[in-house]
Amino acid sequence: MGELERKNKELVEEVEKLKREIKSLKSRRKYGVVWEEEKEPEKIVLECKEKLPILDDIKEKEIINDTDQPINILIEGDNYHALSVLNYTHRGIVDIIYIDPPFNVGKKTWKYNNNYVDKEDNYKHSKWLNFIKNRLVLAKNLLKDDGCLICAIDENELNTLGLLLEQIFPTFSIECIVVVHNPRGIQGDNFAYCHEYAYFVHPKGKYIGRKTREVEDQEYEPLKKWGGSSDRSPGGNVFYPIFFKDGQIVKIGTTPPDDFHPDKPVTILEDGTIEIWPIDENGEGKWRYANESLPDKVDSIRLAKVGGVFQVQLLKSEDRLKTVWTDTKYDANAYGTQLLKQILGPDADFPYPKSLYTVKDCIEIVCEDKPNAIILDYFAGSGTTGHAVMELNKTDGGKRTFILCTNNEGNICEDTCYPRIRNVINGYEYVGEKKDIVFEEKLTYRVIKNCKKLMEEVNSSVSKLDNDYDSYKYKVEVNKTNDSKLRVYGVKNVQSRVDGLGGNLKYYRTKLIDIDNISNVSDDQKITLTHEAGEMIALRENTFDEVEKNEWWQIFKDNNRYTAIYFKEDKSKLLELVKLLSGYGKPVALYVFSWGKNEYKNEFLDYPNIRVEDIPEPIIEVYKEINRLV
């Protein structure tokens with residue numbers, strides 16, 4: 001090729017590239033977060049166009065204490081690889097995703113394309129968004145229809161993350177809370193930051209964290225709106241009469257014209273019906289709810305007399321979470337850093353672990369009514385999420401399981417995350433101060449009014465403990481619903497063993513299979529993938545105990561079912577395997593190698609305990625889809 005032809009070709013390529021960039025810019029949203037996505041593509045994403053992630057079972061690290069209990073999962077490897085695998089094994093079955101991604105503070109806290117992102121990097125926000133987006137789009141596929149994503153973040157990317165979440169989850173509700181995790185504060189340019197944030201992303205109409213009050217703590221409050229914006233508004237539908245008879249609502253009136261003004265707030269009609277408008281000494285006001293929505297609340301409304309004046313009241317029978325969490329248990333030093341040192345020893349060094357109780361409470365308010373929930377954390381770090389899930393199960397007897405994914409940079413997985421989970425499961429030696437809550441009482445108006453009785457109960461509870469503790473600490477603390485509680489802690493200086501919470505753990509490590517091109521996987525590469533995918537399929541089917549492996553097939557089991565993989569294009573041994581599996585008398589998932597789809601779907605209908613699946617084409621299709629998404 002001559003020099004002129006070469007230059008012409010380069011010019012044509014540049015023109016085509018410019019056309020693509022112009023087309024991309026025109027197609028972008030006019031509102032939302034827009035960033036430079038192609039300036040420096042993420043190498044690990046490009047790598048997965050030529051390599052397929054699978055799992056390798058690290059058997060020497062597994063922990064099996066009770067085969068009747070569910071299995072928790074720890075995956076060592078880049079979380080993009082792990083999420084790719086989970087898109088095949090766990091699509092649509094995860095209840096909660098809790099993540100605490102690296103905060104973009106410019107202090108060598110995270111890498112992009114194997115380089116730390118510096119504070120002065122002009123593309124630091126773009127790199128962070130690209131990094132997070134590539135993983136969020138894969139994680140979204142894993143959530144159940146009623147699943148929830150919880151994402152911790154600080155002020156550096158709070159707003160950009162919020163816009164990104166709106167783009168990726170356009171049909172979801174997105175709410176943000178504040179957690180005071182460092183009461184001492186970290187000095188910023190102007191303010192000492194003592195808080196961080198957490199986004200809750202959940203389906204619209206799914207209500208989380210609502211707590212029903214005990215009957216003795218239920219109370220009524222005025223249905224009439226008070227405070228700011230409580231005056232009657234023109235054109236509104238919250239100014240109307242409510243009619244009571246014998247204390248019950250018999251009719252909800254309509255909104256009158258703006259120029260209509262009732263003579264008085266209360267009128268007693270001839271048949272004894274009482275007509276009440278939202279009017280008081282301050283003039284015409286408004287009810288807290290529009291007339292069309294009030295019928296849903298009729299059972300919670302009553303008519304009362306306060307100071308000799310009729311008042312319409314609404315029952316407050318539940319508490320809703322507040323958006324600011326200030327309880328001392330969210331202190332990341334006391335219940336993050338120091339707790340980790342307690343579990344792993346004084347030399348444990350992991351930057352900024354979350355308070356165990358921050359994570360536990362975030363998870364609990366979403367899945368309190370889901371005792372078998374699956375919780376995923378693909379930025380697992382020190383393993384706080386796994387620990388929190390086990391603590392929650394201990395509290396209510398649930399059988400929730402966790403999936404933790406973390407790389408092993410700086411031996412984070414092997415030296416911190418895995419040992420922590422192992423110690424929490426099996427128990428560990430502890431030297432230091434142990435605190436237990438020995439008395440707790442919510443400080444309601446009723447309790448405070450009878451404070452003498454409260455102190456008698458406290459003293460009685462403490463006296464029954466005799467010499468169980470070296471000292472006691474009394475604290476008034478505010479929890480996540482902004483309720484005040486009196487807590488009494490029993491403190492004991494200990495040098496003993498902390499009992500384990502029990503449970504099981506499987507440890508996997510990601511590895512890659514060369515395939516040259518995801519869009520055109522060769523026959524030899526399909527055969528290789530089939531032979532290598534056993535652990536991945538076992539995870540998909542929750543059958544972790546390998547029974548047998550030979551050149552023809554591989555079989556796994558748990559207490560209730562089996563999984564088998566038939567490796568060969570040659571089907572001469574397939575019927576032999578089918579007869580073997582049918583003799584087990586338990587459900588079997590049989591994965592059969594085939595070049596296409598559904599080749600053997602209806603082949604073994606005479607064996608009702610056997611369900612036939614294809615391999616490896618469905619895995620390849622998942623990875624093709626992933627490459628289209630990112």
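The values are calculated or read from the model by the stated rules, or taken from the named source; none is laboratory data. Because the structure is a prediction, the values reported are computed rather than measured. Virtual Cβ from ideal backbone geometry, glycine too; neighbours counted across all protein chains shown. To get the accessible areas, we keep the full protein, side chains included, count just its heavy atoms, and leave off ligands, DNA and RNA. Shrake-Rupley method; radii C 1.70, N 1.55, O 1.52, S 1.80 Å.
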P(r), alpha carbons of the stretch 435-541 - 10 Å bins starting at zero, rounded %: 10, 24, 16, 10, 11, 13, 12, 4, 0
Extension gain (nm, one decimal) between residue 573 and residue 284, 0.36 nm per residue minus Cα-Cα: 95.5 nm
Accessible area of residue 57 in the full protein assembly, 1.4 Å probe (Å², nearest 10): 20 Å²
Where only alpha carbons of the stretch 149-209 are counted, the Rg and the Dmax (Å): 13.4, 40
Average projected area [Cα convex hull, the stretch 145-301], square nanometres: 15.4 nm²
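Suppose a student asked you for the relative contact order of the stretch 79-139, using Cα pairs under 8 Å spaced at least 6 residues apart; what percent would you report?
36 percent
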Peptides ranked, highest mean first, by Cβ atoms within 10 Å: ranges 610-616, 347-353: 610-616, 347-353
Accessible-area value, residue 219, 1.4 Å probe, nucleic acids and ligands omitted, Å²: 90 Å²
Set 61/399; 59/492; 264/322 screened for pairs whose C-alpha atoms are more than 27 Å apart: 59/492; 264/322
D_trans [Stokes-Einstein, Kirkwood Rh over alpha-carbon pairs] for the stretch 112-168, 25 °C, 0.890 mPa s, µm² s⁻¹: 193 µm²/s
Relative packing of peptides 272-278, 111-117, 514-520 - highest average C-beta neighbours within 10 Å first: 272-278, 111-117, 514-520
D (Stokes-Einstein, µm²/s), Kirkwood Cα radius, the stretch 299-447, 1.002 mPa s at 20 °C: 118 µm²/s
Cβ-based net charge around residue 70, under 12 Å, with every Lys or Arg adding one and every Asp or Glu removing one: 0
Contact order normalised by residue count of the chain, Cα under 8 Å, 6+ apart, percent: 18 percent
Candidate residues 50, 477: accessible-area rank, largest first, probe 1.4 Å: 50, 477
Globularity index of the stretch 427-475, i.e. its alpha-carbon radius of gyration over 2.2 N^0.38 Å: 1.46
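Using Cα-Cα distances under 8 Å and only pairs 6 or more residues apart, what relative contact order does the stretch 361-444 have, in percent?
29 percent
Taking Cα atoms of the stretch 228-277, Rg/Rh with Kirkwood Rh, to two decimals?
1.00
Considering just Cα atoms, how many Å³ per residue does the convex hull of the stretch 471-594 enclose? All intermediate terms of the calculation are to be shown ahead of the outcome.
Numbers: hull volume 30.9 nm³, N = 124.
It comes to 249 Å³ per residue, whole-number rounded.
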Span per principal axis, largest first, for the Cα atoms of the chain (Å): 94, 75, 65
Long-range amide H partners of residue 280 with built H, under 5 Å: 285
Diffusion coefficient, µm² s⁻¹, Stokes-Einstein with Kirkwood Rh over alpha-carbon pairs of the stretch 110-219 at 20 °C and 1.002 mPa s: 130 µm²/s
Flagged links, alpha-carbon separation over 28 Å, of 111/341; 341/473; 449/475; 305/449; 19/51; 19/49: 19/51
Percent carbon-and-sulfur accessible area, the chain, ignoring ligands, DNA and RNA, probe 1.4 Å: 47 percent
Cβ-based net charge around residue 261, under 11 Å, with every Lys or Arg adding one and every Asp or Glu removing one: -2
Cα centroid of the stretch 145-159 to Cα centroid of the stretch 50-90, whole Å: 24 Å
Probe 1.4 Å, accessible area per residue of the stretch 122-281, Å²: 52 Å²
FRET efficiency estimate (nearest 0.05) - Cβ-Cβ, residue 119 to residue 454, R0 45 angstrom: 0.30
Restraint check, 144/329; 224/245; 360/624; 394/485, Cα-Cα greater than 28 Å: 144/329; 360/624
Nearest-10 value in Å² for the accessible area of residue 341, using the 1.4 Å probe: 60 Å²
Estimated FRET transfer efficiency when R0 is 30 angstrom, pair residue 225-residue 155 (beta carbons, to 0.05): 0.35
